[in-house]
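Encoded as structure tokens, the structure appears first; notes follow it.
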Amino acid sequence: MNATELCADLAVAALLVAGISRFRTPRGARFGNHAAGLALLASIVLVLARTGVTAPAVVAVALATGALAGLAMAVRASMTNIPAVIAFQHGMGGVAAVLVSAIELTRGGVPATATMVSGLFGLVLGAATFSASLLAAAKLGNYIDQRPTASRWHNATLITLLLLVVLLADRYRFGADPILPVVGIVAIAAAFGALFASRIGGADMPVLISLLNATAGLAGAFCGVTIESRLLIVAGATVASSGAILTIMMCRAMNRSLANILLGAQVVRTDPEQVAEAPVASAEPDPTTLEDRLDAVARVALDARRFLVVPGYGMALAQAQGEVVRLARFLETLGKEVRFAIHPVAGRMPGHMNVLLAEAEVDYEKLIELDDANRELPETDLVLVVGACDVVNPAALEVEGTPLSGMPILMAHQARAVAVCNLDENPGYSGVANPLYRSERTYLLLGDALETVTALHARITRGSVSV
């Protein structure tokens, strides 16, 4: 490789890293996406220019098909199914790694040791990522049950599958026909990935998504070693490292180890009577009907000065983010202070709520993270919970032996009043009953979140006019 090619590769790698570095904020993410996309486009051009194109028509059809499929998916994707789309894309990255590795391993002749080892790793990681990602996408898209599923012999089965992969890899190394071992490795690794992902679900899905991001990137990096592509190595390693860092951050946010999540914590469904009572602010009885509760919350809102909105996945399902933001802006015109508290694992993928609110054009400065929000909550007059449960569940602090135990939460129960705009009062994906719902400082505004927030907005507007 001459100096010109090296400089071109470094420029593309720098552009990719610069783009990823801008993902820290919603405003920067737009530029980051464009920069990363341009880097990938430049990589494609460089690869085609260096290797030559022996079948231009085939390459053109492949590029057009991929571009149109990606565009169609992007146009149809909503903020509700974005997590499923992301998981599916990780799976496609795994498929690409499998195809590249399989071609190189079955090309004929005995490959060099580095090529063989990296190709086998790319094959295994790619196939496992593919099946695990498809299962995750099915869970996130509500096509199958999102709860963890595990059998008594789950770990033993996973270990057995890994041993079979090792045996087939050894057979590939010494066998005359490479096709059978490669096909067997792909099939067994795919079974491993699906079985591995089946026992991760519910509140742990953001961790699974970030982990699959890392494994897809790692598979790509191994493919880069196999075909001696510096660009693919850099891109894959960058994705793998960023996904690994994000996975660790998600685990810390949940106060759980990665091993605990990957080994599949058992879902314990608690009885509300077993959960410690949330603090009670006053002896004022909670209104009995939804209309009465809406009127009561409207009066509290008009008297309040500081508001905090806690969004969750239910807000995305109800498509209520636009109305929530309109209500927040109206409250600000009345001289109220309104901010949005984002829990790190709110939603079904890392950053889901941030992207959802950015789409609704919420100023980034109004988004505050867990620690900052908890410092302010004791002085907050009204917390508006929209489609969130586990991230505000005090049982995480009081009850041991549940999927939520020890997880840091938004301490909404410390606020002077709480309005919960959820579909129902059932437990969240963790299956742990939420004592916040039984606090006398909590108003349960149950039903479709969009309809509930719209009705609340109308009452606050009328009340402000009458005042």
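Every number in this text was worked out from the coordinates using simple rules, so none of it is lab data. Computed from a predicted structure; not experimentally measured. Here the Cβ is made from the backbone with ideal geometry for all residues, glycine too, and neighbour counts use every protein chain on show.
With angles folded into 0 to 90 degrees, how steeply does helix 26-51 sit against the dominant principal axis of the chain? Use alpha carbons for both and round to 10. The angle comes out near 10 degrees. Its DSSP H runs of at least 4 residues, each contributing -39,500 (n - 2.57), put the calculated 222 nm mean residue ellipticity of the chain at -20000 deg cm²/dmol, to the nearest 500. Note that the stretch 63-73 has calculated 3J(HN,Hα) couplings of 5, 5, 5, x, 5, 5, 5, x, 5, 4, 5 Hz, one per residue in order, obtained from phi through the Karplus relation 6.51 cos²θ - 1.76 cosθ + 1.60 (θ = phi - 60°); glycine and proline are x. Within the set [x] 0.99; [y] 1.11; [z] 1.64, the number that Cα Rg over 2.2 N^0.38 Å takes when calculated for this structure is listed as [y]. For the chain, the longest principal axis of the Cα atoms and the long axis of helix 321-333 meet at an angle of about 50 degrees.
Applying 1/(1 + (r/R0)^6) with R0 = 35 Å to the Cβ-Cβ distance of THR54 and GLU369 gives a FRET efficiency near 0.10.
Here's how it looks for TYR443: its modeled amide H is under 5 Å from those of VAL418, ALA419, VAL420, which are all 5 or more places away or on a different chain. Using the Cβ of ASP381 as centre and a radius below 13 Å, the other residues enclosed give a net charge of +3, where K and R count +1 and D and E count -1.
Shown for MET315, MET349, MET407: other C-beta atoms within 10 Å of each C-beta, ranked fewest to most, produce the order MET407, MET349, MET315.
For the chain, the relative contact order works out to 15 percent when only alpha carbon pairs closer than 8 Å and six or more residues apart are counted. Taking the number of Cβ atoms within 10 Å of each Cβ as an exposure proxy, the fewest-first ranking of TYR364, TYR437 is TYR364, TYR437. Pairing the Cα long axis of helix 205-227 with the longest principal axis of the chain, what angle in degrees results, from 0 to 90 and rounded to the nearest 10? With rounding to tens, the tilt is 20 degrees. Look at GLU104, GLU323 and count the other Cβ atoms within 10 Å of each Cβ; fewest to most, that gives GLU104, GLU323.
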